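I have placed the structure first, in the form of structure tokens, so that the comments after it can refer back to it.
The values are calculated or read from the model by the stated rules, or taken from the named source; none is laboratory data. Please read all numbers here as calculations on a predicted model, not as lab measurements. Methodologically, a virtual Cβ is constructed for each residue, glycine included, from the backbone with ideal geometry; neighbour enumeration extends over all protein chains shown.
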Amino acid sequence: MAPKRDKQKTQATADTAEPSSSSSSRPEPERRSLRKRFKHQLEELGEAAEEINIKLRKKDNGHFKSVAPGTPFDDIDLSESTFFAHHEHHPRHHAKSRSWKDWIFGRKFFFPAGILIGVLGALLVFKDMSDLPGDLTEIWAGLPSSFDPRDLLSNLTLVEGARRALESRDFTVGEQLVGAYGLGKHHPVVLIPGIVSTGLESWSTDGVARGFFRKRLWGTSTMIRAVVTNKERWLQALSIDPETGLDPPGFKVRAAQGLDAASEFIQGYWIWQKIVENLATLGYDTNSMDMAAYDWRLAYYNLEIRDAYFSRLKSRIELMRKQNKQKVVLCSHSMGGTMVLYFLKWVESDPDENGFGGGGGAQWVEDNIEAWANVAGSLLGVSKAMTAFLSGEMRDTVELVSTDLVVFKLMPSKHPAGSWVLEKFFSRRERAKLFRRWPGASSMWIKGGNRIWGDHESAPDDPDNATDTHGRFLSFRHENVSADESGLTHHTVSPNLTMDDASGYVLTHTPPNFQRMIESNYSYGFELDDEKLKANDRDHRKWTNPLEVRLPEAPSLKIYCLYGHGKETERSYWYMQGEYEQDDSRSDAGDEEAYCDATDSTQECDNLTTSRTPLDFPLARKQWIDAAVNVKGSIPEVRSGVKFGDGDGTIPVVSLGAMCVRGWKGKTRWNPAGIKVVTQEYKHTPEGMDLRGGALTADHVDILGSSPLNAAILKVAAGRGDLVEEKIESGILEYASKMTWD
């Protein structure tokens, strides 16, 4: 080996040495880069270079040279490599200091200055905001009343800091609990998401759909591409067939599975991710934690018929209990709470006796379920669901995410621009049709009627000194009547519908197939008779309504109602009625000519329109939230046709807490086993610099990242539910006392 290296060294020296005076006439060798020189030497060394040891040494001039005695790499000048150049000699550090002219004409000045000039220019042009175009007037109305352009400039420097502040909270709740209480993995956990949280994937193999095979039509940026490229086909794919309640012809969409199914909606917009992270700090992984994702479009009955969802959930719980040797904790969010209630009844039901059920018997819940953490549960319904079915509207609540593109989101909005864009891309009529084609969403229909939600005279959650009442859920202003307060009298406002009236009104103004779907899957009443409550154990239509079914006979089960309050929430509405129009739902006629087949490309139809026959009179009627009604000083506040109350921005506190503090509290007809129910409320206290509200937010969705909620869930999962104490700060106790429970 030594002779070989000496020979190579001699050759390398000859290649790199400076030419002598006697050879000055020879052409100067091509100067090769450092990389080429190393490559050349390595090629010559071959396998002999395996054990070469090279060190770097700094020279007096600040440059570096290689030190490798006995090798061709010894004493090589590395100054030509900028990587090794000393920072003091780097050209970047010799740049002259920037002058004030450089700063003024730089991007850091022009960007905020341009925004400020634009805002000031708009203020000068539109001295009176009523001069703005109609669409922009609504957007301006949604801006904070104390809007100051100087705040805009200051906030530009805070966005990045807010993002870092949010990221810095990752895993911290779990770490703090481990340090304070020594908590660790104990009970296995099953997470059950709410409506629109779970991603939906295309499984259609038709030629036109193959480009989206196993890609998400709901959630992720793929959804945006699908809508932009073919909005009509996307609407068809996301709709449920109104006759069968299952996939429409030519389409096949299924729920994504696993923890990733609902951890994030789109990249960067987390849903369950924070809870998953904090559970992981306690030692949880995919063997002890799972996401029971489901196709939220389907009626609950069809979830079992098509996907065997409840059967799989039952098997999953049994397996996790066996593997972890502990009973399971169920953690649900929003509509997922109604899903859990349905599951608790299904799993007990005898399929041989009742024709539908899991056959677990009365003891199954007691043996397998440790606790149910009910986060922001829509137990008694959601006000905005009623307006969604009636007119496709949820004022200030249907917003767009992902840079104001085409994504519906059932959560509160402070950005009317999102609703404005949505209205331009999807009409109210299209939205109403889509909502009605999601039978699962109908489980959020208001429950309990006037007993819970009030009557013409008052409502349990009316503020003190109220000048109006939430008991009048829908109030219709007459056409050509001023929207000013002086013009709104009992002569010019009718009908005024209570919740009992409104439920029937909405149903009569929806297509017959939607009415049949409601009748065959859901019930929204109030049951006092013990025998009928017992009989309802065998009627799956009652299982989504906590006022018509009993909790299971599981005395060791514990229920934790965890929700936010202190954020204005849609509670009741002003409406307008327009002219009659043709109902564009599928005809009830049995004749095949009544509608065309979307799977037949030659017919050029989407199955969302009906071929009308002569003398077919219009029966549907245009209706919309009366955004012109703004009553200053009204109690409750009326803004853009919406009367606001207390809640988490999406669900009124009446629905969030009434069952927890009264209907299920103690041993009642709806809780015959006396299951322990703990209610913990969180006041909405957002951090202004945090895009998602920060550690103390109580927003309906963002609460999944709040520190107090995460702490409560982790305590329950770790077997220390005793650390989760009752905390009620809203007026729910007073509201519940005013409801008619007997």
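Just give me the residues in segment 334-352 being touching a His at 6+ places or on another chain (Cβ under 9 Å) and not in a helix (DSSP H, G or I), in sequence order. Give the derivation first.
As a first pass, look at segment 334-352 and keep what is touching a His at 6+ places or on another chain (Cβ under 9 Å): 334, 342, 345-346, 349.
Matches in segment 334-352: Ser334, Ser349.
Which condition does Leu313 not pass, out of (1) surrounded by 22 or more Cβ atoms within 10 Å (Cβ to Cβ); (2) of a type outside the set (Gly, Ala, Ser); (3) closer than 17 Å to Ser442 by Cα, if it passes all the others?
Failing condition for Leu313: (3).
Can you tell me which condition Asn630 does not meet? The list is (1) touching a strand residue (DSSP E or B) at 6+ places or on another chain (Cβ under 9 Å); (2) in the same structural domain as Trp372 (by TED's automatic domain parsing); (3) touching a residue at least 60 places away in the same chain (Cβ under 8 Å), and all the others hold.
Condition (2) is where Asn630 drops out.
Filter segment 166-192 for residues that are assigned to a loop (DSSP other than H, G, I, E, B) and touching a strand residue (DSSP E or B) at 6+ places or on another chain (Cβ under 6 Å); which is nearest to Leu235 (Cα to Cα)? Don't jump to the end; show me each part of the working.
Taking segment 166-192 first, the residues assigned to a loop (DSSP other than H, G, I, E, B) are 168-171, 182-188.
If we keep only those that are touching a strand residue (DSSP E or B) at 6+ places or on another chain (Cβ under 6 Å) as well, we get 187-188.
Details: His187: 41, Pro188: 38 Å.
Looking at the filtered set, the residue picked out is Pro188.
Take the conditions touching a strand residue (DSSP E or B) at 6+ places or on another chain (Cβ under 6 Å), in contact (Cβ under 8 Å) with a residue 12 or more places away in the chain and of a type in the set (D, E, K, R) and apply them to Glu370. Does it pass?
Details: touching a strand residue (DSSP E or B) at 6+ places or on another chain (Cβ under 6 Å): yes; in contact (Cβ under 8 Å) with a residue 12 or more places away in the chain: yes; of a type in the set (D, E, K, R): yes.
The answer is yes for Glu370.
Looking at segment 197-217 only, could you name the residues that are surrounded by fewer than 18 Cβ atoms within 10 Å (Cβ to Cβ) and among the aromatic types (Phe, Trp, Tyr)?
Matches in segment 197-217: Trp203, Phe213.
Would you please list the contacts, defined by Cβ atoms under 6 Å and residues six or more apart or on different chains, that run from a residue in segment 170-181 that is closer than 22 Å to Ser263 by Cα to a residue that is of a type in the set (D, E, K, R) and part of a helix (DSSP H, G or I)?
Here the result reads Asp170/Glu277; Phe171/Glu277, each pair linking segment 170-181 to a residue that is of a type in the set (D, E, K, R) and part of a helix (DSSP H, G or I).
Which residue, of Ser611, Ser655, Ser640, is buried (at least 16 other Cβ atoms within 10 Å of the Cβ), among the small types (Gly, Ala, Ser) and modelled with pLDDT under 95?
Step by step, each of Ser611, Ser655, Ser640 is checked, and only Ser640 is buried (at least 16 other Cβ atoms within 10 Å of the Cβ), among the small types (Gly, Ala, Ser) and modelled with pLDDT under 95.
Between Ile240, Ile317, Ile271, which is β-branched (Val, Ile, Thr) and under 30 Å from Leu691 (Cα atoms)? Before you say what the answer is, go through the steps one by one.
Values: Ile240 fails: under 30 Å from Leu691 (Cα atoms); Ile317 fails: under 30 Å from Leu691 (Cα atoms).
One residue alone meets the criteria, Ile271.
Only one of (1) modelled with pLDDT under 95; (2) surrounded by fewer than 18 Cβ atoms within 10 Å (Cβ to Cβ) fails for Lys532. Which number is that?
Going through the list (1) modelled with pLDDT under 95; (2) surrounded by fewer than 18 Cβ atoms within 10 Å (Cβ to Cβ), Lys532 breaks only (1).
What single numbered condition from (1) within 28 Å of Pro242 (Cα to Cα); (2) assigned by TED's automatic domain parsing to the domain that holds Lys345; (3) not in a loop (DSSP other than H, G, I, E, B) fails to hold for Ile559?
Ile559 satisfies every listed condition except (1).
List every residue pair whose Cβ atoms sit under 7 Å apart, with the two residues 6 or more apart in sequence or on different chains, where the first one lies in segment 530-552 and is within 19 Å of Pro351 (Cα to Cα) and the second, anywhere, is β-branched (Val, Ile, Thr) and part of a helix (DSSP H, G or I).
Matching pairs, first to second residue: Thr544/Thr338; Pro552/Val365.
What is the one condition in (1) under 19 Å from Ala658 (Cα atoms); (2) of a type outside the set (Phe, Trp, Tyr); (3) not assigned by TED's automatic domain parsing to the domain that holds Tyr300 that Thr544 does not satisfy?
Thr544 satisfies all of (1) under 19 Å from Ala658 (Cα atoms); (2) of a type outside the set (Phe, Trp, Tyr); (3) not assigned by TED's automatic domain parsing to the domain that holds Tyr300 except (3).
Check segment 320-341 and report whether any residue there is without any contact (Cβ under 8 Å) to a residue 12 or more places away in the chain and over 21 Å from Lys715 (Cβ atoms). Steps first, please.
Our first condition is that a residue be without any contact (Cβ under 8 Å) to a residue 12 or more places away in the chain; within segment 320-341, this holds for 322, 325.
Adding the requirement that they be over 21 Å from Lys715 (Cβ atoms) leaves 322.
So far as segment 320-341 goes, yes, one or more of its residues are without any contact (Cβ under 8 Å) to a residue 12 or more places away in the chain and over 21 Å from Lys715 (Cβ atoms).
Could you please find all residues in segment 193-243 being in contact with a helix residue (DSSP H, G or I) (Cβ under 6 Å, 6 or more places away or on another chain), free of Cβ contacts under 8 Å to residues at least 40 places away in the same chain and assigned to a strand (DSSP E or B)?
Selection gives Leu217 alone.
Mind listing whichever residues of segment 260-283 are surrounded by fewer than 19 Cβ atoms within 10 Å (Cβ to Cβ), modelled with pLDDT under 95 and assigned to a loop (DSSP other than H, G, I, E, B)?
Result: Gln267, Gly268.
Out of all the residues in segment 327-341, which are of a type outside the set (Val, Ile, Thr) and touching a Gly at 6+ places or on another chain (Cβ under 8 Å)?
Restricting attention to segment 327-341, the residues satisfying the condition of being of a type outside the set (Val, Ile, Thr) are 327, 330-337, 339, 341.
The answer is Ser332, His333, Ser334, Met335, Gly336, Gly337.
Only one of these conditions is not met by Leu390: (1) of a type in the set (A, V, I, L, M); (2) part of a helix (DSSP H, G or I); (3) in the same structural domain as Arg662 (by TED's automatic domain parsing). Which number is it?
For Leu390, the exception is condition (3).
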